[in-house]
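The block underneath contains the structure these notes are about, expressed in structure tokens.
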Amino acid sequence: QVQLVESGGGLVQPGGSLRLSCAASGSIFSIGNMGWYRQAPGKQRELVAQNSSSGITNYADSVKDRFTISRDNAKNTVYLQMNSLKPEDTAVYYCYANITPRRFGGFTTYWGQGTQVTVSS
């Protein structure tokens, strides 16, 4: 059984910062891509940032130069540092990880429970 647990959301004023964390636990042989999506009310879920197992990163244009994704492979954890937050960043943020649970087998995409980020004065 694999579980992703998120933390770090909350209420912040425009221009402020937050750091999200997402830790994977359970039966894990290896982890490929890890990343973050978000979903605002009335909108589709969108990719925010992703980080491959080799460290290659990819960001949505709307968050480039403001958000930074990183991961600690020893802790099976991915982070999202969010700076210069704007009201339009308000959404539920979901982490994901492509996890291979056993040595011989394919991977499955697992999701965190979601954490609310609200940017408002």
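The values are calculated or read from the model by the stated rules, or taken from the named source; none is laboratory data. Just so you know, these numbers come straight off a predicted model, no measurement behind them. So basically every Cβ, Gly included, is an ideal-geometry build from the backbone, and we count neighbours across all protein chains shown. Ligands, DNA and RNA are excluded from the accessible area calculation, which covers all protein heavy atoms including side chains. Shrake-Rupley method; radii C 1.70, N 1.55, O 1.52, S 1.80 Å.
Specify the residue that is surrounded by the fewest Cβ atoms within 10 Å (Cβ to Cβ); the eligible residues are those in region 57-69 that are in a loop (DSSP other than H, G, I, E, B) and not β-branched (Val, Ile, Thr).
61
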Would you confirm whether any residue within region 73-85 is free of Cβ contacts under 8 Å to residues at least 60 places away in the same chain and in a strand (DSSP E or B)? yes
Can you name every residue in region 100-117 that is more than 18 Å from residue 47 (Cβ to Cβ) and surrounded by 16 or more Cβ atoms within 10 Å (Cβ to Cβ)? 100, 101
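With respect to residue 54, is the statement that it is in a loop (DSSP other than H, G, I, E, B), open to solvent by less than 70 Å² (accessible area, probe 1.4 Å) and either more than 25 Å from residue 118 (Cα to Cα) or at pLDDT 95 or above (or both) true? Don't jump to the end; show me each part of the working.
Values: in a loop (DSSP other than H, G, I, E, B): yes; open to solvent by less than 70 Å² (accessible area, probe 1.4 Å): no; either more than 25 Å from residue 118 (Cα to Cα) or at pLDDT 95 or above (or both): yes.
No; evaluated as a whole, the condition is false for this residue.
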Subset of region 1-11 that is in a strand (DSSP E or B) and more than 14 Å from residue 94 (Cα to Cα) - its residue that is least open to solvent (accessible area, probe 1.4 Å): 2
Enumeration of residues in region 12-40 that are on the phi < 0 side of the Ramachandran plot, open to solvent by 30 Å² or more (accessible area, probe 1.4 Å) and assigned to a loop (DSSP other than H, G, I, E, B): 13, 14, 17, 27, 28, 29
When region 70-99 is checked residue by residue, the ones that are touching a Lys or Arg at 6+ places or on another chain (Cβ under 9 Å), at negative phi and open to solvent by 40 Å² or more (accessible area, probe 1.4 Å) are 81, 83, 86, 94
Could you please tell me which pairs satisfy a Cβ distance under 7 Å, a separation of 6+ or placement on different chains, a first residue in region 92-105 that is within 20 Å of residue 39 (Cβ to Cβ) and outside any loop (DSSP other than H, G, I, E, B), and a second residue that is among the polar types (S, T, N, Q) and open to solvent by 40 Å² or more (accessible area, probe 1.4 Å)? 92/39; 92/116; 96/109; 98/33; 98/109
